[in-house]
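As structure tokens, the structure follows; a few thoughts come after it.
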Amino acid sequence: MGMRGKPVFLSPKTYVWVWMILIFLTGLTVSFAGMDWGRWGMVILLLVATIKSSLILNYFMHLRYEKKIRLFRWIIPGILLLLVLFIGFTFLDVVFR
Amino acid sequence: MDAVRLGETQRGKHFYHSEGGLHWLLEWIFSTDHKRIGILYLVTILSFFFIGVSLGFLMRLELIAPGPTFMLPQTYNTLFTLHGVIMIFLFVIPGIPAIFGNFFLPIQIGARDVAFPKINLLSWWIYLIGALLAIVSLFTGEGPMDTGWTFYVPYSLRTTVNVPLAVFAVFILGFSSILTGINFITTIHRLRAQGMHWFRLPLFIWSLYATAWVQVLVTPVVGITLLLTLLERLVGVGIFDPAKGGDPILYQHLFWIYSHPAVYIMILPAMGVISEIIPVFAHRTIFGYKAIVFSSLAIASVGSLVWGHHMFVSGQSDLASLIFSLLTFLVAVPSAIKVFNWVATLYKGSIEIKPPFLFALTFIFLFSIGGLTGLFQGALATDVHLHDTYWVVGHFHYVIFGGTGFAIFGALHYWFPKMFGKMVYEKIPFLAWVFLFVGFNTLYFPMLILGWKGMPRRYYDYLPPFHSLQFISTIGSWILIAGLILLFGNLFYSLFRGKEGEINPWGGATLEWQIPSPPPKENFKEIPVVDRGPYDGWVGLS
Amino acid sequence: MTGALMMVGSVYPEIKIGCFGFYRLLKMKYYQDETSSKMGMWLFLSSEILLFGGLFILYSVYRFKFSHSFHLAAEALNRPIGTVNTLLLLTSSLTIALSISSLKEGKRSVSLLSLIATLLLGLLFLGLKYVEWVEKIDHGIYPNSPRLLERNSGEILFFGLYYSMIGLHGFHVLIGLIVLVIMGILIIKGKVNEDHFIPLENTGLYWHLVDILWVFLFPLFYLIP
């Protein structure tokens, strides 16, 4: 649904494209995991996972098309921020204990 | 604005009126009317309040003299655990949002019901199921819990008593809280009447809004923590078990990520109630509306990042303690802003002392003591001395009982005519207030001194030097209970014998005072169009 | 015995009326605009994210403390099954998205077929999960098993987290499957149709979230570098 009751129509083509990118990215992560990236390995894995989930959020879940309502625009970034803060504050203890 | 006449033209069948066809009890427990659900919550929550009070009374009685008085140490451990669990999870956390929020949120924003009426009913059922499971846990397994309301590991993993079911019950209760939160946020976003802009929302609604976000976003964290504790008991996953390398301090982190914001779930709606009552009885518009709004939001957000101040002596890192302590002092600022705004609202108002107002004033007084004593604990060095002493117990009761408890008394008297269509007999509450105020301070102030002198909390016994203060405290509990009996006795009396409730007995300007008492089934015949702020133009006493 | 029967007999009418009351409640209709329903769903999903969030906090701390043991323990996981499962869930996300868009266009049978495809993919996911867990348990690696307790605490915690997080995720998939079946029935009955598709759309949102969680769980457990 868009802002004023107009359903979001994405053509099946778009969905299939997004799906193909997702499959490609999965292949990419699996092959990356075989290589030795040192401490960057985890960062890369998480980065790819973030890209994949933002594709799902924006296209499959239509978040991209609901942004006229403020709550939909801020909810996911807000929650990520909260989670990062929770993890960060816990690490203030764990790392410096 | 001729609110009184507007109400009378709308007089129709009120929401208590039976539709027939069903047994009256079924008609209630299957009702999706937000007002009926509010009343259902009122009945269930107050029942648990009375159970909690009785448990507290028994604990105080045991402590009247050193040494065993009339119960075993294990019974005492069970009592303080149950008192905590019942009062926190079954009374104060749902308290104001579930009772008064359900009843008045749709009315105050000009809606006919909440956004999801069935889910609203579901959340009451979940509350009931959680509460029943908690009761079942007392009589099954190896006996009732003795862990304290915090269920700290590793003790909760080792004790033989029935922790799993109790923990599961609290997990279930969490769902009820989350569903209420989702309902409130959606309702406030979507169902405001025409012209009810965000900055025309009554402050009670703003406080519920901030609270609802906290409910939705941090309750699941304690949910998973309790679920893991349950898993630990059942299959031994080892995540919190130090014997397997798990870190019990992480349990404390996760527990307080929820349970510290939970005290804001308890106090924020109470602050909202006070913000409603103060302008009505000071006959002035509220001072600093936006400051109060933003302080609610600030309390909810910064308050979610101060959990570590419960763990200053747990062995967490000094850096973490330092930052949590700093944030704790910061979060005191928005609370203080609210207090200043309430006091400033009183200035040059034409104040009329009525029972709701008296309880609101008492809230400000007791909450200030509670808040300021909290700062002592927020200071790192002082906390080492005060941690786990009666000081903490005293502080907490000043905030939660003196704050939220008195706000609930205030709300009950303020909205009683609207909810039940009966006026409260006005003389007795003043008498009850004297008992409550004197009893409350006699009960809890000695606790602050006891804690300062080093009396640890949760102890069954104490040394002779503490005797006189413990004795005074127990006397205080009797006075307090006398006050409670008077207060609720009078409310019951008014329920059956009170004069017919007026539409707007106090001269309030918010929307609930413009519809009949008790409100008709769908609140408004026509959804009102709002053209002014919530406290502009009080309509005068009818 | 007869006493008990008589008691049941005497409350039977009450039970009947009770069921009627519940039935009446289920049949009740409310006007609900679609944006509200969707907003409620997104709020619920946020709550779900933080439910898993608690576990992610624990994971990151233990991962930090025991990074070497986590690496070793992760090698023992069945990476091919994990990868196939990822592909299955991603594809099921596609099929449910297609199911929703075809329902909106009024192609009910296409919608139903895509829904069934989603259901099958989800079932396959759980089946592979079952195979994976049985294999692990046969090797004596499950919470509190003697074999596991012999290992160091990092590996015990890895498998503790593995079973809790993957298990909770699997539970969510199971709930999703049940909801999918209900949606299928509602589509067949015509209760969910091109004019009233919000239940299916919300189911889709939930299913996609379960997918997103897996997108993070997969590298965190199976691909630790």
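Every number here is computed from the coordinates shown, using simple stated rules; none is lab data. Only a predicted model underlies this, so the values are computations on that prediction, with no experimental measurement involved. Positions of Cβ are generated from backbone atoms using ideal geometry, with glycine treated the same way; all protein chains shown enter the neighbour counts.
Things to note:
- Relative contact order (%) - criterion: Cα under 8 Å, at least six apart; region: region B:119-192: 45 percent
- Nonlocal amide H pairs with C:SER145, under 5 Å, H built at 1.01 Å: none
- Length-normalised contact order of region B:442-542 in % [C-alpha pairs under 8 Å, at least 6 apart]: 25 percent
- Order of B:ASP318, B:ASP241 under a 10 Å beta carbon neighbour criterion, fewest first: B:ASP318, B:ASP241
- If R0 equals 41 Å, the separation of the Cβ atoms of A:LEU46 and B:TRP198 corresponds to a calculated FRET efficiency of about 0.70.
- Under 15 Å, Cβ to Cβ, from C:LEU217 - net charge with Lys/Arg +1 and Asp/Glu -1: +1
- Residues whose placed amide H lies under 5 Å from that of B:LYS422, excluding near-sequence neighbours: B:GLY501
- Going from the fewest other Cβ atoms within 10 Å to the most, the residues B:VAL43, B:VAL216 appear in the order B:VAL43, B:VAL216.
- Within region B:403-522, the percentage of alpha carbon pairs spaced more than 17 angstrom apart rounds to 64%.
- Cross-link partners of A:LYS52 among aspartates and glutamates, defined as those whose alpha carbon lies under 12 angstrom from its own and excluding same-chain residues fewer than eight positions apart: C:ASP211.
- Packing-based exposure ordering (other Cβ within 10 Å, fewest first) of B:PHE139, B:PHE171: B:PHE139, B:PHE171
- Net +/- balance of residues flanking B:ASP536 in space, Cβ distance below 13 Å, scoring K and R +1, D and E -1: +2
- For region B:224-240, putting each phi into the Karplus relation 6.51 cos²θ - 1.76 cosθ + 1.60 with θ = phi - 60° gives couplings of 5, 4, 5, 4, 5, 4, 4, 4, 4, 5, 7, 10, x, 5, x, 5, 10 Hz, in residue order, rounded to whole numbers and with x for Gly and Pro.
- Cα-based helix-to-principal-axis angle, C:108-138 vs chain C, degrees rounded to 10: 40 degrees
- Based on C-alpha pairs under 8 angstrom that are at least 6 apart in sequence, chain B has a relative contact order of 19 percent.
- Within the same chain, lysines fewer than 8 places from A:LYS13 are excluded, and of the rest, those with a Cα less than 17 Å from its Cα are C:LYS104, C:LYS107.
- Per-q log10 I(q)/I(0), region C:106-225, q = 0.15 Å⁻¹ (Debye; single scatterer per alpha-carbon; no solvent): -0.75
- Principal axes of the protein assembly as shown: Cα extent on each, largest first, Å: 78, 69, 68
- Taking the inverse of the mean 1/r over every pair of distinct Cα atoms in region B:177-293 gives a Kirkwood hydrodynamic radius of 16.6 Å.
- R0 of 51 Å, Cβ-Cβ distance B:ASP461-C:VAL84: FRET efficiency to nearest 0.05: 0.25
- Region B:70-83 - phi-based ³J(HN,Hα) in whole Hz, Karplus 6.51/-1.76/1.60, Gly and Pro as x: 8, 9, 7, x, 5, 4, 4, 4, 4, 4, 5, 5, 5, 4
- Cα-based values for region B:393-451, radius of gyration first and Dmax second, are 14.0, 45 Å.
- Restriction of the trypsin sites (Lys or Arg not before Pro) in region B:496-531 to DSSP coil positions whose beta-carbon has at most 15 other beta-carbons within 10 angstrom yields B:LYS499, B:LYS525.
- Helix-derived mean residue ellipticity, 222 nm - over chain B, DSSP H n ≥ 4, -39500 (n - 2.57), to 500: -21500 deg cm²/dmol
- 30 Å Cα-Cα reach of B:LYS499 towards lysines, excluding residues that sit fewer than 8 places from it in its own chain: B:LYS13, B:LYS35, B:LYS354, B:LYS418, B:LYS422, B:LYS427, B:LYS521, B:LYS525
- Value of D in µm² per second that Stokes-Einstein yields for region C:30-111, Kirkwood Rh from Cα pairs, at 37 °C (0.692 mPa s): 196 µm²/s
- Over chain B, the hull volume per residue, using the convex hull of the C-alpha atoms, is 144 Å³.
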